[in-house]
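*Asks:* Before I ask anything, let me first share the structure, which is written out below as structure tokens.
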Amino acid sequence: MAIHSRQFLLAARPVGEPKPSDFRLETVELPSPAPGQLLVRNIVMSVDPYMRGRMSDTPSYAPSWLLGEPARGGAIGEVIEAGTPTDLGVPPIAPGTLVLHDAGWREHALVEAHQVTVIDPAPGTSLSYYLGTLGMPGLTAYTGLFHIADFRPGDTVFISGAAGAVGGVAGQLAKLRGASRVIGSAGSAEKVRFLTETLGFDAAFDYHAGPVGEQLRAAAPEGIDLFFDNVGGDHLEAAISSFRIGGRAALCGSISGYNATAPRPGPANISLLTGKRAMLKGFIVSDHWNLRQEFLDTAVPAVQDGRIQVPETVFDGLESAPHAFIGLLRGQNTGKMIVRLAAAGS
Ligand SMILES: NC(=O)c1ccc[n+]([C@@H]2O[C@H](COP(=O)([O-])OP(=O)(O)OC[C@H]3O[C@@H](n4cnc5c(N)ncnc54)[C@H](OP(=O)(O)O)[C@@H]3O)[C@@H](O)[C@H]2O)c1
């Protein structure tokens, strides 16, 4: 059966902060799935900071979106029609199955069956969790802490962008695994309260309230062992100054520069790394999907019994997606920013 469906295209490449007019909504007719394809009714979709890079045409680890072509990104939906299975080594996927795929920013998607991940939500979890705390951002937090920055029980940990999707999970996982002290930075007094009162951080500060270096020194007078960096810029410089001997940083992202229109200088104190025998290491989560089951074995029970909280900020309807994305870059989210496209099972 052919269906009509709405999707967002990239209409213009932004200079600086993206605008709603950089996106265009169009209606398309989707045919029945070809052999090996699935027709999916999307239920929830993700907006993520890395999409800012995909809107530009500068080379990056994630391919740029093409002008006039549909935007892409993580989404979960229900298979409503399956093409004839092909011999690609995947078991047939029946209508009604819930799948995670990369064709978000649209109400319906035609996807290749061998490229989707079947989602069977564990009791006590919601579908949207698999785009956030139990999805790519959660796995990013887990990978950065335990496989990049070599977390050790007793570490004093500093997390920038701590009230967001990745940062919130990183802080909670560090506490669960025995960090002696977890400190977070975020962009408002309300988020600072949320970190200490709801997510269990030992200390937090608003990076607008004073120099990051001074606030970090006040929160961790003895220094830090591990830095999980989502922000870059002044946060990275402050962490280097606060490193103890053997400090370790997982460089996850540098959102403070994503809308920059000119190259930004690196940390002025980088030479301190030598005497501190410190390490900065970047990583991309897509290189670490092999850790997904190990991560879920830790995170699902902790979500189910409340040791890990799952904050979300939800926008409703496909037409709200550009606003959710722009709002994410402006810090309008606490926890994972989600766009709900349809009710599950409707
Ligand atoms: N390496 C990887 O594989 C990987 C995977 C996923 C995500 N990431 C990176 O991880 C970081 C967090 O991603 P996420 O999905 O969890 O997003 P998020 O933290 O949920 O949302 C982005 C947050 O960034 C903060 N922000 C915006 N502009 C800022 C600025 N100039 N200075 C400081 N903070 C700013 C805002 O919070 P405030 O209100 O606190 O400002 C906003 O809520 C991003 O850098 C992203 O690119 C990397």
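*Asks:* (1) open to solvent by less than 20 Å² (accessible area, probe 1.4 Å); (2) over 18 Å from Gln172 (Cα atoms): which one isn't true of Ala302, the others all being true?
*Replies:* Here Ala302 meets the rest and fails (2).
*Asks:* Separate question: Can Ile93 be described as under 29 Å from Gly164 (Cα atoms) and open to solvent by less than 50 Å² (accessible area, probe 1.4 Å)?
*Replies:* Taking the combined requirement at face value, the residue does not satisfy it.
*Asks:* Here's another thing I want to ask about it. Considering Met45, Met1, Met51, which residue is loosely packed, with under 14 Cβ neighbours inside 10 Å and touching a residue at least 60 places away in the same chain (Cβ under 8 Å)?
*Replies:* None of the other options fit; the residue is Met1.
*Asks:* Given the options Thr196, Thr117, Thr156, Thr143, name the one that is surrounded by fewer than 18 Cβ atoms within 10 Å (Cβ to Cβ), at pLDDT 95 or above and not assigned by TED's automatic domain parsing to the domain that holds Phe23.
*Replies:* Thr196
*Asks:* With respect to Leu318, is the statement that it is assigned by TED's automatic domain parsing to the domain that holds Val79, surrounded by 18 or more Cβ atoms within 10 Å (Cβ to Cβ), under 27 Å from Val99 (Cβ atoms) and away from the ligand (no atom under 13 Å from the Cβ) true?
*Replies:* For Leu318, the condition - assigned by TED's automatic domain parsing to the domain that holds Val79, surrounded by 18 or more Cβ atoms within 10 Å (Cβ to Cβ), under 27 Å from Val99 (Cβ atoms) and away from the ligand (no atom under 13 Å from the Cβ) - is met.
*Asks:* Out of all the residues in segment 216-229, is one or more closer than 19 Å to Ile255 by Cβ and out of contact with any helix residue (DSSP H, G or I) (no Cβ under 6 Å at 6 or more places or on another chain)?
*Replies:* no
*Asks:* Further question on the same structure: Exactly one condition in (1) in the same structural domain as Val44 (by TED's automatic domain parsing); (2) out of contact with any Pro (no Cβ under 9 Å at 6 or more places or on another chain); (3) crowded, with 17+ Cβ neighbours inside 10 Å is false for Asp102; which is it?
*Replies:* (3)
*Asks:* Looking at Ala268 and the list (1) within 26 Å of Arg52 (Cβ to Cβ); (2) within 15 Å of the ligand (Cβ to nearest atom); (3) outside the structural domain of Met45 (by TED's automatic domain parsing), which single condition is not satisfied?
*Replies:* (2)
*Asks:* Ok, one more. Could you check segment 54-67 and list, in sequence order, the residues that are loosely packed, with under 13 Cβ neighbours inside 10 Å, more than 18 Å from the chain's Cα centre (by Cα) and hydroxyl-bearing (Ser, Thr, Tyr)?
*Replies:* Selection gives Thr58 alone.
The values are calculated or read from the model by the stated rules, or taken from the named source; none is laboratory data. Note that this is a predicted model, so its numbers are computed, not measured. A quick note on method: Cβ atoms are made from the backbone with ideal geometry, for glycine too, and the neighbour counts reach across all protein chains shown. What goes into the accessible areas is simple: the full protein's heavy atoms, side chains included, and nothing from ligands, DNA or RNA. Shrake-Rupley method; radii C 1.70, N 1.55, O 1.52, S 1.80 Å.
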